[in-house]
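Taking it in order: structure first as structure tokens, then the write-up.
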């Protein structure tokens, strides 16, 4: 067999194995969908076959729960968090990457240490803090603590470090200040890094369960995960409804993923997060 | 490594001297750093320090203020408590169960996906989409899959003639079941990091070795895996930290049961603080745990680094 033919065969086998695993990975979601399309009474039979596929479970969830409102709360909070994270982290990373000042490395390590602190450790002090600021039951209480994300600074800094210095030298000769260099030259080039940070800040914020559960006691402004966790018990053995609510809760993020999926890999490759 | 750092350092110093920039950039730098540092101090470092202070007091969740001074009492109690040690062990057990498959499978899937020309979006979708799901959604789906008598895996195993265990109900099986769910849920993140790492390897290396008649397997072993060394370091360190910090899965799927077999250290913190209202004690446990995370990360990081050098 020639080298080329061997290579071709090898790639075929790779593709086959990979497709098998990808299908295995999609099975739980497919089964959730299959269950959601069954009438509740049929879900206790473990077969993929559906006698009367229908979307009534989805319709019931949309009608009987506040899922649309949870969606709105989550969307607002996650958007606010993602935008805030991009702005403050990129500004800080710009200084850490492009400017020289005393204790710069020390500061960078202090920021990185934040990755190690488990968020649960901070919950009690943060809760008391929000209480004293009179921010409980507001979107700010959910969003603000999530904005200073060490890993976002790290992603931006690594990306900025990779950009050639000559870029700003020209602008500097033209008399441009730092803010202008940041806004006009660096940030427009940082789109892959921005995409990566937006996705991860948005996903983390959207999926957070414990913190919103504690600070949003008012049911009118519940987020999606909190809402899903609270209705779960009320469905009892109505598995079709449970699965329909889970799938509806997943739709927005899957949409975000499909929109940005090209940028995710590119974003990480460009940031040098690979090491 | 040291030579590389030295070169980089002189390189950076060289450009700094060559450019006509003024030396002190402290003031504008402070301006750029302030928004982040202010929020960081207010919501991360500040609360962390406040937590440290509370760990020395009998702070209660139902009373405001710090309450009576306890000194090292909370720490002594935690270190003597069998609940503390068993939940710490559960956390380690979960980390041991999840870390190797989450690194190795992510690497294998990324290596395979890198060779496939068409339909890359499909593989990214299949492996990465679970990662973006809220833990509540993941929990709902997997509790359904594990349901005794009705669940998907039990049905498949019964057909194959195997008696399925009571996944979440059997103390011996509950943790592996949570590990399987976590593998499915979070593999996509490491997969994407590896895909990004693979993109950075120059194609010419493969072309040159193919000319020399290297087989695909030889290429993977002597080019791809060594070139991915730094990605592996990053993935391994991030994964260990993430696994040690596990909470949501246990909280929703088993509430730490059956018979406390899946109570992780953070669930223990949560139980002490919010169920028993002993915030001071919970803070002390948090601090001990933070020290453990730091120590494990440091040891693990140096181990992985050494392995990387030997490759």
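The values are calculated or read from the model by the stated rules, or taken from the named source; none is laboratory data. The structure displayed is predicted, hence computed values, not measured ones. When we count neighbours, we look across all protein chains shown, and the Cβ atoms used for this are built from the backbone with ideal geometry, even at glycine.
Key figures
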| item | result |
| --- | --- |
| Any helices (runs of 4 or more DSSP H) falling wholly within segment A:154-262 and containing at least 1 residues that are more than 11 Å from every other protein chain (Cβ to nearest Cβ), crowded, with 18+ Cβ neighbours inside 10 Å and at pLDDT below 85 | A:191-207 |
| Single residue of segment A:68-105 satisfying the filter (assigned to a helix (DSSP H, G or I), free of Cβ contacts under 8 Å to residues at least 12 places away in the same chain and facing another protein chain (nearest Cβ under 9 Å)) that is nearest to residue A:172 (Cα to Cα) | A:95 |
| Residue satisfying all of: in segment A:263-272; buried (at least 22 other Cβ atoms within 10 Å of the Cβ) and under 25 Å from residue B:305 (Cα atoms); modelled with the highest pLDDT among these | A:265 |
| The listed residue being in a helix (DSSP H, G or I) and over 19 Å from the mean Cα position of the chain (by Cα), out of B:150, B:105, B:79 | B:79 |
| The listed residue being buried (at least 21 other Cβ atoms within 10 Å of the Cβ) and farther than 21 Å from residue B:294 by Cβ, out of A:121, A:86, A:111 | A:86 |
| Residue in segment B:44-56 that is touching a strand residue (DSSP E or B) at 6+ places or on another chain (Cβ under 8 Å), modelled with pLDDT of 80 or more and either more than 10 Å from chain A (Cβ to nearest Cβ) or within 30 Å of residue B:196 (Cα to Cα) (or both) present | yes |
| Residue identified as at the interface with chain A (Cβ under 8 Å from one of its Cβ atoms), in a helix (DSSP H, G or I) and surrounded by 14 or more Cβ atoms within 10 Å (Cβ to Cβ) among B:33, B:97 | B:33 |
| Where residue B:190 falls short, out of the listed (1) modelled with pLDDT of 85 or more; (2) at the interface with chain A (Cβ under 9 Å from one of its Cβ atoms); (3) closer than 30 Å to residue A:159 by Cα | (2) |
| Count of segment B:104-124 residues which are more than 7 Å from every other protein chain (Cβ to nearest Cβ) and touching a helix residue (DSSP H, G or I) at 6+ places or on another chain (Cβ under 7 Å) | 7 |
| Any hit, segment A:55-67, residues being within 13 Å of chain B (Cβ to nearest Cβ), closer than 25 Å to residue A:198 by Cα, part of a helix (DSSP H, G or I) and modelled with pLDDT of 85 or more | yes |
| From B:46, B:51, residue being in contact with a helix residue (DSSP H, G or I) (Cβ under 9 Å, 6 or more places away or on another chain), under 30 Å from residue A:86 (Cα atoms) and either touching a residue at least 24 places away in the same chain (Cβ under 8 Å) or part of a loop (DSSP other than H, G, I, E, B) (or both) | B:51 |
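For (1) assigned to a helix (DSSP H, G or I); (2) in contact with a strand residue (DSSP E or B) (Cβ under 7 Å, 6 or more places away or on another chain); (3) within 16 Å of residue A:123 (Cβ to Cβ), each residue gets a yes or a no:
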{"site": "B:256", "(1), (2), (3)": "no, no, no"}
{"site": "B:260", "(1), (2), (3)": "no, no, no"}
{"site": "B:281", "(1), (2), (3)": "yes, no, yes"}
{"site": "B:286", "(1), (2), (3)": "yes, no, yes"}
{"site": "B:296", "(1), (2), (3)": "yes, no, no"}
{"site": "B:299", "(1), (2), (3)": "yes, no, no"}
